[in-house]
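Before any comments, here is the structure.
The values are calculated or read from the model by the stated rules, or taken from the named source; none is laboratory data. Remember, predicted model here, so these are calculated numbers, not experimental data. Here the Cβ positions follow ideal geometry from the backbone for every residue, glycine too, while neighbour counts run over all protein chains shown.
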Amino acid sequence: MTTGRMRRVDEAVRQVVSEHLAGSVDDPRVGFVTVTGVQTAPDLSHARVWVSVLGDEKARDEALEGLASSRGLLQAKLGGELRMKRTPTLEFSYDESIDRGMRMEELLAEEATARDEEGT
């Protein structure tokens, strides 16, 4: 598939999974989860769904377990809504980019504070 077409497939999968996380998944372990991105294999055999989770590491681990147990339901919803040759197997992964961004902001703030203290 072309790059543009794969982007559209990824976005469609992201949208369907996001909608059903909010409405269809009743697992209490899946709390405040946001789908940040999807990367679907060119042959549509599987899709990696990147998520961010509000909370600590324990909440993140529990949310990923809840997502893994809800995978079949989400795949069924995906297959019902998207007309694709194959319904990809979903795999959920934690998106660390938000954590890295927050850490960079902390480091920059520390550097700015250190410069301000040196200047006075």
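One line per residue, one yes/no per condition, for (1) surrounded by 13 or more Cβ atoms within 10 Å (Cβ to Cβ); (2) part of a helix (DSSP H, G or I):
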position	(1), (2)
VAL13	yes, yes
THR34	yes, no
GLN39	yes, no
GLY55	yes, no
GLU65	yes, yes
ARG100	no, yes
THR113	no, yes
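For every residue, the table says whether it meets (1) under 25 Å from GLY23 (Cα atoms); (2) touching a residue at least 24 places away in the same chain (Cβ under 8 Å).
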residue	(1), (2)
ALA47	yes, yes
ASP61	yes, no
ALA68	yes, yes
PRO88	yes, yes
SER97	no, yes
MET102	no, no
GLU105	no, no
ARG115	no, no
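When restricted to residues that are touching a strand residue (DSSP E or B) at 6+ places or on another chain (Cβ under 8 Å) and either under 13 Å from LEU44 (Cβ atoms) or assigned to a helix (DSSP H, G or I) (or both), the range 80-98 contains 5.
Taking the conditions exactly as written (under 19 Å from ASP99 (Cα atoms) and assigned to a helix (DSSP H, G or I)), does ALA22 satisfy them or not? No.
Criterion applied to GLY37, GLY23 was being small (Gly, Ala, Ser) and over 30 Å from THR3 (Cβ atoms), and the one residue passing it is GLY23.
Under 27 Å from ARG8 (Cα atoms), among the basic types (Lys, Arg) and modelled with pLDDT of 90 or more: is that true of ARG83 in this structure? Here the answer is no, as ARG83 does not meet what is asked. Residues of the range 3-40 that are in contact with a helix residue (DSSP H, G or I) (Cβ under 9 Å, 6 or more places away or on another chain), closer than 23 Å to MET84 by Cα and small (Gly, Ala, Ser): ALA12, SER24, GLY37.
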